[in-house]
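Q: Attaching a single structure in structure tokens format; questions to follow.
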Amino acid sequence: MLSNIKKLYISHFLIGLVFWYGIEKLFITSIGIDAAGIGFITAMFLTFNLVFDIPCGMLADKWSRKWMLCIACVGMALAAVVMGGAHSLPILALGYISYGVYVCCTDGVYQAIIYDSLHQEGRSEDYSKINGRMGALFLTGASVANVVSGFLAAHTSYSFVYFISVVPCVLNILIISTIKEPKFHKAEAKERMLRQIKDVTKNIVKVRALRVLVLVFSGLTVIELFKSEFGQLYMLRYVSSAELLGILWAGYSLAWALGSLIAHKLHARLSLLIWLSVIPYFFMAFIDTGLGIVLFVVQAVASAAMYNETRIQDVTASAVRASVLSVLNALERLISIPSALLIGWVIRDYNIFWVVRGVAIVCAVMLAFWLSSGRKIHNEVPAT
């Protein structure tokens, strides 16, 4: 019989098997939506997530993490159906709201159920390695889907690529529903929501390493927003076919998978990861050729390893673990909402290469802050 962890391995692969990721921006532009429209939809999507992410994290802590993940799969399936049939910005926006349900119901929840499942098995020290494998499986699924998506789109239609993505969602629901809910977090006292928010805030404020990482990740948020929401537009500056775009986006996903796999080996090398996350953009700001795509993919390895930072789990009580991660995600979205609108406007009225230069400036500021304030956290031992 499969353990929780093995079922979660399968679930991560299936949740990554979304075929429309690889041709998303081609589809959006094909129905007449420009970069500013993409920025608007992204901002709307992030606003939805900002409002509902923390309540969903708290609901997962207080109710059931596995059933929240099942709801997430339903949201993903509905998003695929609605977006696949969209022919205008309002309908596409509805699809993104459904996709937001998926995001809110998974943010922090997968990590929390992984950590507590490992704790129940007496091997919570393996969290970083196991979570890295989970992320790699998710991105492997995404890579497979991205390669397939380009060829499916070229030989069928963009809409079919969206509709076929419902199948992995159904399979994932069947897998997740058999998971045994870990009891570790339920053994701790359950507080009222306002008290829980207070506890989450105190946890973030009192841990210096967490404060520094939040500020560093604030800069990284802008970088990742550009890559995830506008990266395909950057690639389309140098390529044009759906097949090639799908392959390149698969390469990006595999780079993230590699970063997730090696993250636990680089846990004590945060300075190295920050350097590797910013240097490619310094070069990209001056290279307006296809070589920029190579640097774009290489940078993803370091970014993925940074996002696997395990200290957040180590210093957070189980009863508020999903809540803390949701709060951190909310902070990132507060930054991403105006950034998405600004990036979309700059691309529409100027070009995407100017955005790359702006991202390089953000990288420089983030690096300067780390060099002045962040390096001492290497020697800190997180409280448990």
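The values are calculated or read from the model by the stated rules, or taken from the named source; none is laboratory data. Quantities reported herein were computed from a predicted structural model and do not represent experimental measurements. Here the Cβ positions follow ideal geometry from the backbone for every residue, glycine too, while neighbour counts run over all protein chains shown.
Q: May I ask you to say which residue of VAL356, VAL346 is under 23 Å from the mean Cα position of the chain (by Cα) and at negative phi?
A: Of the residues listed, the single one that is under 23 Å from the mean Cα position of the chain (by Cα) and at negative phi is VAL356.
Q: Are there any pairs, at least 6 apart or on different chains, whose C-beta atoms fall under 6 Å, with the first in the range 123-152 and in contact (Cβ under 8 Å) with a residue 24 or more places away in the chain and the second of a type in the set (Asp, Glu) and assigned to a helix (DSSP H, G or I), and if so, which?
A: Qualifying pairs under 6 Å: GLY150/GLU243; PHE151/GLU243.
Q: A further question on this structure: Mind checking which residues of the range 221-232 are crowded, with 22+ Cβ neighbours inside 10 Å and more than 13 Å from the chain's Cα centre (by Cα)?
A: If the condition is that a residue be crowded, with 22+ Cβ neighbours inside 10 Å and more than 13 Å from the chain's Cα centre (by Cα), then PHE230, GLN232 are the ones that fit.
Q: Filter the range 237-257 down to residues that are surrounded by fewer than 16 Cβ atoms within 10 Å (Cβ to Cβ) and either in contact (Cβ under 8 Å) with a residue 24 or more places away in the chain or over 19 Å from ALA153 (Cβ atoms) (or both), then give me how many there are.
A: Residues meeting the conditions: 4.
Q: Continuing with this model, one more query. Tell me the residue from HIS87, HIS119 that is at pLDDT below 95, assigned to a helix (DSSP H, G or I) and surrounded by fewer than 22 Cβ atoms within 10 Å (Cβ to Cβ), please. Let's see the steps before the verdict.
A: Details: HIS87 fails: assigned to a helix (DSSP H, G or I).
Unique residue meeting the criteria: HIS119.
Q: Another question, if that's okay. Within the bounds of the range 41-62, is there any residue that is in contact with an Asp or Glu (Cβ under 7 Å, 6 or more places away or on another chain), of a type outside the set (Gly, Ala, Ser), closer than 21 Å to LEU233 by Cα and in a helix (DSSP H, G or I)?
A: Within the range 41-62, one or more residues are in contact with an Asp or Glu (Cβ under 7 Å, 6 or more places away or on another chain), of a type outside the set (Gly, Ala, Ser), closer than 21 Å to LEU233 by Cα and in a helix (DSSP H, G or I).
Q: Moving to a separate point now. How many residues are of a type outside the set (Phe, Trp, Tyr), within 21 Å of the chain's Cα centre (by Cα) and under 12 Å from ALA360 (Cα atoms) if we restrict to the range 259-298?
A: Residues in the range 259-298 being of a type outside the set (Phe, Trp, Tyr), within 21 Å of the chain's Cα centre (by Cα) and under 12 Å from ALA360 (Cα atoms): 3 in total.
Q: All but one of (1) surrounded by 22 or more Cβ atoms within 10 Å (Cβ to Cβ); (2) out of contact with any Leu (no Cβ under 8 Å at 6 or more places or on another chain) hold for GLY75; which doesn't?
A: (1)
Q: If you check SER303 against the conditions, is it within 18 Å of VAL355 (Cβ to Cβ) and at pLDDT 90 or above?
A: Taking the combined requirement at face value, the residue does not satisfy it.
Q: What pairs come out if I take residues in the range 4-16 that are on the phi < 0 side of the Ramachandran plot and outside any helix (DSSP H, G or I) and pair them with residues that are hydrophobic (A, V, I, L, M, F, W, C) and surrounded by fewer than 19 Cβ atoms within 10 Å (Cβ to Cβ) whose C-beta lies under 9 Å away, six or more apart or interchain?
A: none
Q: State yes or no: is ALA112 touching a His at 6+ places or on another chain (Cβ under 8 Å), surrounded by 23 or more Cβ atoms within 10 Å (Cβ to Cβ) and either of a type in the set (A, V, I, L, M) or not in a helix (DSSP H, G or I) (or both)?
A: yes
Q: A follow-up question, please. Of all residues in the range 153-178, count the ones that are free of Cβ contacts under 8 Å to residues at least 12 places away in the same chain and either buried (at least 23 other Cβ atoms within 10 Å of the Cβ) or of a type in the set (Asp, Glu) (or both).
A: 0
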